[in-house]
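Presented below is the structure to which this report refers.
Just so it is clear, none of the values below were taken in a lab; they were calculated from the coordinates. As the structure is a prediction and not an experimental result, all values here were calculated from the model. Cβ: placed from backbone, ideal geometry, glycine included. Neighbour counts: every protein chain shown.
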Amino acid sequence: MHALIGEKDLKTQLENCKRQLQKVYNRLEFNQHLNNKKALFINMRNYYTYCCENEDVSDTLPLTFHIKTGQGDPEFVKFNRYYEAEQLKCSKNKNRKNIWIIKPGENSNRGNGIKVESELGRIRGLLQSYCSGNGARTMILQKYIDNPLLYQRRKFDFRCFSLVTCHNGVMKAYFYRDGYLRTSSKEYNHQNLNLHNKYVHLVNDAVQKYSEDYGKYEPGNKLSYQLFQSYLTETYPDKHINVERDIIMQIKKIVTDTIRATFHVLDPKKRVNSFELFGYDFMFDDEFKPFLIEVNSNPSLESSCNLLTKLFSVMLDNTFRVAVDPLFPPSEGFSMKKGATGIEVCPENRFDLIFDERVDGPGLLAKFDTIGVKEMEEVAGINELSGSGDEAEEEGDVDGEADGDNALIEADMEDEADDEKA
């Protein structure tokens, strides 16, 4: 009898030791494949070229040219030809605009380094300052969406979220059902674009918060899906636009594509359990076509209004339930719904599974094996890049190391119990 009890106690002690050594990293190795603008374009281009039929990267990202070596780069030669052809079309149609977004291919976030230009001479001048000539620093040229969908005559974008987890060597990804709109402070005038007024064209919080009209129209320049639905119903009654059906489902499809395009290069060694929350920014044109603008690591979770306070609280609870709780199961008898207080804290998980490596991975890997040598070299080179930077850390919202090193969560039974009581 005593021997049996001792064996049971020993098993319990060993299990506790195992749990104390369990670690989870809240960062995926090589996350720059998603959050670096150059890398995102390369990976999405390869995915649509080799893994999809009748789909092109220009259907998801604005028309993009990736310039590596300067004016002699073949991509810039192609851009030059396109620009001249577009100028001819603009001369015949005064409502058509030949405007371009210029972005650094590396280390760009929250509007840093982004320019809006229409003159070819100015674009060439920026090319000289952005490109190093040896490919180490490159430039992204994207066609400006000059027919954007507007909210009360102002530009906006959608901020949405995905969660990627890697548990015991298996990668999964989830799409969060809720998000919000980020609005600009100044009206958009198609006839007088005023390209150098960033409060008209860039909706990033890091830009808009310095506008004298910040918060004048919406608290914190943020808008809920519900209020946007009311606006669409009133403004476009004949279109019968439903935000969930006609907008969010398009966004969800593109977010899924980004994961399918990068799962094989994200955290490839799978040495530890890890997860990461990503923030996605989308714009729509006036025909309700979505364009992915960028993906952010460590998205800002600053609660600048009541809408975000509620959204972030529930989303973070859901994130830890999906990414951390399975690795640190609660003690016997613990209720996931009521927690330690007896109060139902989060009745519904708002994350939808959009990718499971065990189901979706094998077929995609077979297609990625057919990628050409040149494309493979480009993908391999991405591992040497840094990401676009952490959105929250650049804003100063989160204490942490700005160099982007993996942050570590270590949990044991005692820590978990403390968290449950908090």
Next on the checklist: Explain nothing, just the number: dipole magnitude of the stretch 63-144 about its Cα centre with +1 on each Lys and Arg Cβ and -1 on each Asp and Glu Cβ, in debye rounded to the nearest 20.
Outcome noted: 340
Checklist outcome for this item: Most exposed to least, judged by fewest other Cβ atoms within 10 Å, Phe263, Phe320 sort to Phe320, Phe263
Checklist outcome for this item: Between the alpha carbon centres of the stretch 261-329 and the stretch 182-249 the gap in Å comes to 21
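Which GluC sites (Glu not before Pro) in the stretch 39-111 sit in a loop by DSSP (not H, G, I, E or B) and have at most 16 other Cβ atoms within 10 Å of their own Cβ?
For GluC sites (Glu not before Pro) across the stretch 39-111 that sit outside H, G, I, E and B with at most 16 neighbouring Cβ atoms in 10 Å, the list reads Glu53, Glu55.
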Checklist entry - Based only on Cα atoms, what Rg/Rh ratio does the stretch 252-311 have, Rh being taken as Kirkwood's radius? => result 1.06
